[in-house]
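The values are calculated or read from the model by the stated rules, or taken from the named source; none is laboratory data. Treat the numbers as computed from the prediction; the structure is a model and nothing was measured. Cβ placement follows ideal geometry from the backbone for every residue including glycine, while neighbour counts extend to all protein chains displayed.
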Amino acid sequence: APAETDYDVVVIGAGPGGYVCAIRAAQLGFKVACVEKRATLGGTCLNVGCIPSKALLHSSENFHAAAHDFAAHGVDIASVKLNLAQMQKRKAGIVEANVKGVEYLFKKNGITWLKGEGKVQGTGRLTVAGKPVTAKHIVIAAGSDSAGLKGVDVDEKVIVTSTGALELSAVPKRLVVIGGGVIGLELGSVWQRLGAEVTVVEFLDRLVPGTDNEVEAAFRKILTKQGLKMKLGHKVTKAEKTAKGVTLTVEASKGGDAQTLEADVVLLAIGRTAASKNLGLEEAGIAVDNRGRVEVDEHFATNVPGVYAIGDVIKGPMLAHKAEEEGVALAEILAGQAGHVNYDAIPGVVYTWPELATVGLTEEQLKEKGVSYKVGKFPFMANGRARALGTTDGFVKVIADATTDRVLGVHILGPGAGELIAECTMAIEFGASSEDIGRVCHAHPTLSEAVKEAALGVNGMSLNI
Ligand code: FAD
Ligand code: NAI
């Protein structure tokens, strides 16, 4: 790096990985800038990901509840009408408040926002919108983009990615979702609750790959009962726009006769790919793997000295909180501290209704590793609070080591699963046993008692079942 640099740390990308890294680096005394080409800060997550999707999920849950569940509570309303423009306006307001919040945090922490596209040139050197900038440390936090599919040309109007699916101005009559992963099921649920007939075409014979098999089966059953149509074991080979919408050509994954499927809107959600192009990586000699992900060592260092990478642009789950943890750890490492991410304790949540939350290992993974384990389960049907709320679908599953009783994995399908998983993540982080969770006093009546009961169940000691 040049002897005198403009900044100590320059982060490229202001998503959850980049903006959090910039804040922690500033807190630790570095002079920091963050490069962002988007008109607002916050990255995919705040602008077109986590936040707008959760806003629409909640609004659509309210709409659905008003139309279908209120009467059971003795709340009679004459008629329920959808005001989609207002729903979208509310979502836009939430996004705006969040992205402005990051701008405020940058000011508060003395972080400079360098507007424009950043390109790495080598150790200590980069350009922003073509102008040279120097830094002791360069952090690539460029995130990811929706993966494309041959024969399916996205126009973000009728053939959309998640970005277009968050912006629809009318409820499609028929929505076909390609990919039964997290995005497909969350956004498929939104439009299904608002009145669309939704068909999910999934390549595998199951949903959300990687989920514990037993939990996935229960999850699929609930979503199917809600009216989501599943076309598992199928792939889309072509999507052709017609005067009336889109005609999709669908084949069995194993091969076979082609069928057609008609849609008004198609959502392509078959995964995301690292956004490592247009960063000058090749010219700078920075190595990427066969999926375009920047290669890093255990300290997030690339093969070029002084250049680091975090978040969706490197390997690992593409989750906002994983990117954030890496951002914090890297800033601490750069300051000579012992920054570290425990990849065994990263929760994952699908924000459908009910939610699906998971941390640690599945039964299938434990079998593959040859670890012997015990399982405790508790259904929300037997939880008093869930009954009072009228949300009794699902269960908690705690998996612990057969000899040491150490908690190895927790899988929750049910109301508030995304919040309940925090306690389980802490248990795994602290190396707790299932007995430890079972001996913690949980408030009554709460959904969290289902976690305690499932933990007690590992050793056959559940009280309420
Ligand atoms: P990003 O958030 O992608 O940010 C990267 C930023 O870098 C972007 O703003 C981009 O403009 C900028 N950039 C890239 N290249 C350059 C360059 N050369 N110069 C300047 N700027 C550049 N995760 C969760 O944990 N929970 C959720 O509920 C969730 N929901 C999601 C819903 C949807 C619809 C989508 C699409 C994703 C969701 N995710 C969720 C995933 C989450 O958004 C990502 O894991 C997270 O945003 C990754 O953070 P990041 O900082 O690595 O990258
Ligand atoms: P995903 O990887 O979750 O799911 C993609 C699905 O598409 C898989 O089930 C896969 O088998 C299937 N598929 C792949 N190719 C196919 C084809 N040709 N035809 C049919 N099906 C095919 O990816 P998704 O849903 O696009 O999400 C991208 C990323 O965003 C994920 O890594 C996820 O972690 C993140 N995200 C996280 C959220 C959360 O934490 N709640 C919400 C939304 C996204």
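On the given criteria, is residue 328 more than 16 Å from ligand 2 (Cβ to nearest atom) and either of a type in the set (Ser, Thr, Tyr) or closer than 21 Å to residue 19 by Cα (or both)?
In short, yes.
Kindly evaluate residue 112 against the criterion of being touching a strand residue (DSSP E or B) at 6+ places or on another chain (Cβ under 6 Å) and farther than 30 Å from residue 193 by Cβ.
So residue 112 fits the description; yes.
Assuming residue 439 fulfils every condition listed in (1) within 23 Å of residue 344 (Cα to Cα); (2) out of contact with any Ser or Thr (no Cβ under 6 Å at 6 or more places or on another chain) apart from one, which condition is it?
(1)
Within the stretch 291-313, is even one residue farther than 23 Å from residue 10 by Cα and either without any contact (Cβ under 8 Å) to a residue 24 or more places away in the chain or more than 12 Å from ligand 1 (Cβ to nearest atom) (or both)?
yes
Restricted to the stretch 150-189, and to residues that are surrounded by fewer than 20 Cβ atoms within 10 Å (Cβ to Cβ) and hydrophobic (A, V, I, L, M, F, W, C), which residue is nearest to ligand 2 (Cβ to nearest atom)?
Checking each candidate, the answer is 152.
Show the residue pairs meeting these rules: Cβ distance below 9 Å; 6+ apart or different chains; first residue within the stretch 78-94 and farther than 19 Å from residue 192 by Cα; second residue among the β-branched types (Val, Ile, Thr).
Between residues of the stretch 78-94 that are farther than 19 Å from residue 192 by Cα and residues that are among the β-branched types (Val, Ile, Thr), the close pairs are 94/51.
Kindly evaluate residue 285 against the criterion of being exposed (fewer than 15 other Cβ atoms within 10 Å of the Cβ) and under 21 Å from residue 136 (Cβ atoms).
yes
In the stretch 190-217, what residues are of a type in the set (Asp, Glu), within 25 Å of residue 375 (Cβ to Cβ) and more than 12 Å from ligand 2 (Cβ to nearest atom)?
212, 214
Pairs needed: first member in the stretch 9-29, under 18 Å from residue 337 (Cβ atoms) and part of a loop (DSSP other than H, G, I, E, B); second member anywhere, small (Gly, Ala, Ser) and more than 9 Å from ligand 1 (Cβ to nearest atom); C-beta distance under 9 Å; at least 6 residues apart or different chains.
Close Cβ pairs satisfying both conditions: 28/331; 28/335; 29/335.
Within the stretch 32-60, count every residue that is outside any strand (DSSP E or B), in contact with a helix residue (DSSP H, G or I) (Cβ under 7 Å, 6 or more places away or on another chain), more than 6 Å from ligand 1 (Cβ to nearest atom) and not aliphatic (A, V, I, L, M).
6
Kindly provide the set of residues from the stretch 130-149 that are out of contact with any helix residue (DSSP H, G or I) (no Cβ under 7 Å at 6 or more places or on another chain) and either free of Cβ contacts under 8 Å to residues at least 40 places away in the same chain or outside any loop (DSSP other than H, G, I, E, B) (or both), ordered by number.
130, 131, 132, 133, 134, 135, 136, 138, 145, 149
Mind counting the residues in the stretch 140-160 that are more than 15 Å from the chain's Cα centre (by Cα) and either within 10 Å of ligand 1 (Cβ to nearest atom) or polar (S, T, N, Q) (or both)?
Of the residues in that region, 3 qualify.
In the stretch 314-332, which residues are surrounded by 20 or more Cβ atoms within 10 Å (Cβ to Cβ), within 15 Å of the chain's Cα centre (by Cα) and more than 10 Å from ligand 1 (Cβ to nearest atom)?
Hit for the stretch 314-332 is 325, nothing else.
Could we say that residue 303 is polar (S, T, N, Q), under 23 Å from residue 122 (Cβ atoms) and surrounded by fewer than 23 Cβ atoms within 10 Å (Cβ to Cβ) here?
Criteria met by residue 303.
Of all the residues that make up the stretch 169-191, how many are in contact with a strand residue (DSSP E or B) (Cβ under 7 Å, 6 or more places away or on another chain) and either at pLDDT below 95 or within 16 Å of ligand 1 (Cβ to nearest atom) (or both)?
12
Of all residues being buried (at least 19 other Cβ atoms within 10 Å of the Cβ) and over 30 Å from residue 198 (Cβ atoms) in the stretch 261-279, which is nearest to ligand 2 (Cβ to nearest atom)? Just the residue, please.
276
Go through the stretch 76-118 and give me each residue that's assigned to a helix (DSSP H, G or I) and touching a Cys at 6+ places or on another chain (Cβ under 8 Å).
106
Is there any pair linking a residue in the stretch 49-77 that is within 13 Å of residue 162 (Cβ to Cβ) to one that is within 16 Å of ligand 2 (Cβ to nearest atom) and aromatic (Phe, Trp, Tyr), with Cβ under 7 Å and at least six apart or on different chains, and which?
Every condition considered, the pairs that remain are 54/351; 57/351.
Residues in the stretch 216-233: is at least one touching a strand residue (DSSP E or B) at 6+ places or on another chain (Cβ under 7 Å), of a type outside the set (A, V, I, L, M, F, W, C), at pLDDT 95 or above and farther than 25 Å from residue 414 by Cα?
For the stretch 216-233, residues touching a strand residue (DSSP E or B) at 6+ places or on another chain (Cβ under 7 Å), of a type outside the set (A, V, I, L, M, F, W, C), at pLDDT 95 or above and farther than 25 Å from residue 414 by Cα: present.
Of the residues 119, 91, 157, which single one is among the basic types (Lys, Arg) and farther than 21 Å from residue 265 by Cβ?
Testing whether each residue is among the basic types (Lys, Arg) and farther than 21 Å from residue 265 by Cβ leaves just 119.
Let me spell it out: the conditions are (1) closer than 30 Å to residue 11 by Cα; (2) within 15 Å of ligand 2 (Cβ to nearest atom), and residue 356 meets all of them except one. Which number is the exception?
(1)
Just to confirm my filter: which helices (runs of 4 or more DSSP H) fall fully inside the stretch 346-465 and include at least 2 residues that are surrounded by 21 or more Cβ atoms within 10 Å (Cβ to Cβ)?
Counting at least 2 such residues, we get 417-429, 434-439, 448-457.
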